[in-house]
């Protein structure tokens, strides 16, 4: 084994440290709405609705479940980036819907749009305030037929 040149190590070490910091920042960097994580609950027409969100593998995975008209309904949800665009995916039984975020840079409200879907065409999530998160679904902005939910964080 050769002798280690302390001067070379002293010169290279800071550069190596900077490269490591840049690489780790890039691999962890994402624009996912971390504020959505957790367990949420609300009710609509005497039906309880749950949404649970977890960050995993650079995606936020969620599920929405409720009893509706005496039937159990469950949706698998996912928020992820694809080609630098935030996507919202819903899987209901064998159907998959994809919505694209139209206001990706707005940190307080995210609006996901799919104009091909009959209803809703827009799904909106507002950043929580005091452990309450507003969510509304609609076909057009400020739709009088839209449905508004106030979720309360339970965990």
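Can you name the residue in the stretch 96-108 that is within 21 Å of residue 61 (Cβ to Cβ) and at pLDDT below 95 and, of all such residues, is surrounded by the fewest Cβ atoms within 10 Å (Cβ to Cβ)? Going through the qualifying residues, I end up with 107. Residues that are without any contact (Cβ under 8 Å) to a residue 12 or more places away in the chain and within 22 Å of residue 134 (Cβ to Cβ) within the stretch 37-71 comprise 43, 45, 46, listed in sequence order. Looking across the stretch 121-145, just one residue is over 18 Å from the mean Cα position of the chain (by Cα), under 19 Å from residue 51 (Cα atoms) and surrounded by 15 or more Cβ atoms within 10 Å (Cβ to Cβ), and that is 138. If you go through the stretch 103-155 and pick out every residue that is free of Cβ contacts under 8 Å to residues at least 60 places away in the same chain, farther than 16 Å from residue 64 by Cβ and either outside any loop (DSSP other than H, G, I, E, B) or in contact with a helix residue (DSSP H, G or I) (Cβ under 6 Å, 6 or more places away or on another chain) (or both), you end up with 8.
All told, residue 53 meets the bar of being at pLDDT 75 or above, surrounded by 15 or more Cβ atoms within 10 Å (Cβ to Cβ) and either within 11 Å of the chain's Cα centre (by Cα) or on the phi > 0 side of the Ramachandran plot (or both). Any chance the stretch 72-93 includes a residue that's in contact with a helix residue (DSSP H, G or I) (Cβ under 9 Å, 6 or more places away or on another chain), closer than 17 Å to residue 154 by Cβ and in contact (Cβ under 8 Å) with a residue 12 or more places away in the chain? Among the residues of the stretch 72-93, not one is in contact with a helix residue (DSSP H, G or I) (Cβ under 9 Å, 6 or more places away or on another chain), closer than 17 Å to residue 154 by Cβ and in contact (Cβ under 8 Å) with a residue 12 or more places away in the chain, which makes the answer no.
The values are calculated or read from the model by the stated rules, or taken from the named source; none is laboratory data. Please read these numbers as outputs of a predicted model, since none were measured by experiment. Cβ: placed from backbone, ideal geometry, glycine included. Neighbour counts: every protein chain shown.
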